[in-house]
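Since every read-out is calculated from the coordinates, none of them should be taken as a lab result. Given the structure is predicted, the values throughout are model-derived calculations rather than measurements. Cβ atoms come from the backbone with ideal geometry, glycine included; neighbour counts cover every protein chain shown.
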Amino acid sequence: MWLVWRIVLFLAVIGAAGVFSFGPGMVERRVNPVAAHDPWPVTPAAAAMHARLVIGDLHADSLLWDRDLTRRASRGHVDLPRLVEGNVALQVFTTVTKSPSGLNIERNAATAPDDITRLYIGQLRPFRSWLDLTERALEQARQLALAEEKAPEMLKIVRSRADLDAVLARREAGEPVVGGLLGAEGGHALGGDLANLDRLYDAGFRLIGLTHFFDNELGASLHGEAGAGSGLTEFGRMVVARMVEKRMIIDLAHASPEVAREVLDTVRVPVVISHTGVRSQCETVRNVPDDTLRRVADGGGLVGIGFWAEVTCDATPAGIAAAIDAAIGVVGENHVALGSDFDGAVPTTFDASELAALTQALIDRGIEEPVIAKVMGGNMVRFLQAALPPG
C-alpha cells in the first residue's frame, strides 16, 4: 500500500510540475497568437526608410507573461531581440494586474473571478503578489529591471527626460538599445491607497491608465457596469491631481466617456489614449468616440492605434495603416502614435520584429515619409520630451 501511495504522490508532483512549467506558456500561445503568414513584402526603399525611423509603441503587456525578455521567445509578440529586429527605440511596458473572467468589450463586473490570480499562481510568482494588486505591478517592474541588469546593451529603463535623451543619443551612435517605460493598466493597481502611487513612481512607473475592463476605485470603465455617465470617484480625482504633480502621464484608454470628459475638463497637461481605434472608421464599442479623440489632440495629447482587429476591423498591416490614416484625418498627423497592445491577449498578424511591414503599408497608402516618421515614433518622442520629469 505504501508503494501505491508513493506512486500516486510521485504522479501528483509530476502533474503539478507540468502545470506550473507548461500551463502558463500554453495559455499565452492561445491568447497571443500570430497568424501564420508568408513574410510580409517590404521593398528595399521601405526597409531603408524603416531603418531611418525612430519607432515607439505606447502599449505592450509583455511583462504579464513572465518570460525572459532578453531572449527571443517562440510565443507572444515582444521581447528585446524582436524589438531590436523591428528597429523599435521606445516601448511602454504596461502591467496588467487584474482581468475579470469572461472578459468582453461591453460589460464586466469588478467582482468577477480574476484570471490574473490564477496566472500568477501558475507562474509561481512571489507569494506576496498572488493577492495584492500593487505587488503584482511591482513584481512586473522588477522583471523589467532584471532584464535591464542582464542586458544593458539592449535595454535602458526610461524614467526621465535625461534617460530618454541618453537612449536617443546611443541609438544615434549606432547602438540598438531599446528605451523601456513602465505603465500600469488600470489604477486598481493602487489598491485604493494614494501612497501606492508614490511606490509605483519610485519603481519607475511614469504612465497609468485610470481604468481597465471594469470599474475600479478611481472611476468607471468603458466596459464596466456603472455606465457611460459615471465618472471619477473622489479617490480618482485625488489620483489624477497627484499624477499631475508628479508628472506622470494619464492614459484614458478604457476610461468611460464621463471619466475622459472630467479629466479633459480638469487637467492642463496633455494625456494619451494608449491603444484604441477610430470609431468612425471601425464601429465598435471598444473604440473611443471621435469627439474624445479630438479633445485629447486639442490638449496636445496622443492617440495610439492598436494592431488587432477588434479596434481596426482588419489586423493586417494594410488594415492598421488604414486605421492610422483615419486617425490622422480625425486628430491630425501630430497626434497619432502606435499603441500595439502586443502581448495583451490579442491575436495579431505580425510581431514586433516585423514592423517594417507597417511602414510599407503606410507608404502604400501614399503617406509621405515626414508623416510616417511622426506616427511611427516622432510624435511619441516629442510628447515624452515634454511630459517626463527632467532628470
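Relative to the Cα centre, the charge distribution of the chain, modelled as +1 at Lys and Arg Cβ and -1 at Asp and Glu Cβ, gives a dipole magnitude of about 740 debye. Taken as entire DSSP H runs, the helices of the chain that both span 20 Å or more between Cα atoms along their own long axis and average 1.0 or more on the Kyte-Doolittle scale are 2-31, 317-331.
Dividing the summed helix terms, -39500 (n - 2.57) for each DSSP H run of n ≥ 4, by the number of residues in the chain produces a 222 nm estimate of -13000 deg cm²/dmol to the nearest 500. Summarising the label geometry, the points placed 7 Å from Cα in the beta-carbon direction at Arg72 and Ala145 lie 3.0 nm from one another.
If R0 is 56 Å, the Cβ-Cβ spacing of Leu131 and Thr43 corresponds to a FRET efficiency of close to 0.60. The separation of the range 50-99 from the range 118-151, counted between C-alpha centres, amounts to 17 Å.
Sequence-distant contacts, meaning Cα pairs under 8 Å at least 6 residues apart, place the relative contact order of the range 298-337 at 47 percent.
Of Glu85, Glu172, Glu135, the sequence from fewest to most neighbouring Cβ atoms within 10 angstrom is Glu172, Glu85, Glu135.
Less than 5 angstrom separates the built amide H of Ala184 from those of Thr95, Leu207, Ile208, Gly209, all sequence-distant by 5 or more or on a different chain. Taken over the alpha carbons of the chain as equal point scatterers, the Debye sum produces base-10 log I(q)/I(0) values at 0.13, 0.14 Å⁻¹ of -1.03, -1.21.
Could you check the spin-label model distance between Glu369 and Ala112? Points 7 Å from the Cα along Cα→Cβ, value in nm. Placing both labels 7 Å along Cα→Cβ, they lie 4.7 nm apart.
Based on the Cβ-Cβ distance of Glu283 and Gln385, what FRET efficiency does E = 1/(1 + (r/R0)^6) give at R0 = 22 Å, to the nearest 0.05?
Once the sixth-power term is evaluated, E becomes 0.05.
In percent, rounded to a whole number, the relative contact order of the chain is 21, using alpha-carbon pairs under 8 Å and six or more apart. Between amide H atoms placed 1.01 Å from N, distances below 5 Å from Val178 occur with Leu155, Lys156, all of them 5 or more places distant or on a separate chain.
The label-point distance for Val269 and Glu234, in a model that sets each label 7 Å from Cα toward Cβ, rounds to 2.4 nm. The three principal axes of the C-alpha atoms in the range 224-331 carry coordinate ranges of 42, 30, 19 Å, sorted with the longest axis first.
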